[in-house]
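Scroll down for the structure; my scribbles are underneath it.
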Amino acid sequence: MTNRIGLLGGTFDPIHLGHLILAETARDVLQLDHVFFVPAADPPHKRGQVVARAEDRLVMLELALHDNPAFRISRIDLERPGPHYTADMVALMQQQLGTGTEIWFLMGLDSLIDFPNWHEPNRLRRLARLAAATRPGYAVDWEPLEAALPGISREVVLLPMPGVSISSNHLRQRIQEGRSVRYQIPEPVRQYIFRRGLYRQDPDG
């Protein structure tokens, strides 16, 4: 029997409810056995933007995912040398999970729009099936995607997502400004962030 696995990569800096809703929507719609959250060590497109240490981001993931048996964490990107390209990560996951595994790579709409600019997007298309979360009121402009990657519109499965607009960057800014992030981040993660003084300009202040 084929295992159906979803991979959700990202810095998770910090993980928030949008990540969890995307993963659960994918698990439900695509009938996935498990969704692996794959924290990135040093993603080339976000170099210099990662704020929290890998150890803290892992703890926050563990706190956020502990009550969902379908969600798992892979340290594959954190434990290998860079550069950390997604296609390489998916290839390594395929080796670990075996050829009897059907891999779905999960992404947000912004990542789908930027997909032609990724490192080796065609290789990633061969390694995994693609699913992208949609947003209410947003339509995908397939023309530029098809021009860059012919056939992509027939391959991507669009996941209907609730209208939740949360970003890690916005959350870090709110924390830095001393504003509330309650109900946007899992409560154990929110408590960990404030206990550790993460994302503050002066964590000792």
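Before we move on, is G108 surrounded by fewer than 13 Cβ atoms within 10 Å (Cβ to Cβ) and touching a residue at least 60 places away in the same chain (Cβ under 8 Å)? No, not satisfied. Of E177, E187, E143, all but one fail to be without any contact (Cβ under 8 Å) to a residue 60 or more places away in the chain, charged (D, E, K, R) and more than 22 Å from R57 (Cα to Cα); the exception is E143.
Listed here are the residues, each with its yes/no results for (1) among the acidic types (D, E); (2) in contact with a Gly (Cβ under 6 Å, 6 or more places away or on another chain).
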position: L17; (1), (2): no, no
position: V35; (1), (2): no, yes
position: E79; (1), (2): yes, no
position: V90; (1), (2): no, no
position: Q95; (1), (2): no, no
position: F105; (1), (2): no, no
position: I113; (1), (2): no, no
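Here, each number is a calculation from the coordinates, and none is a lab measurement. This one's a predicted model, so the numbers in the text were calculated from it and none came from an experiment. Positions of Cβ are backbone-derived with ideal geometry, glycine not excepted, and every protein chain shown enters the neighbour counts.
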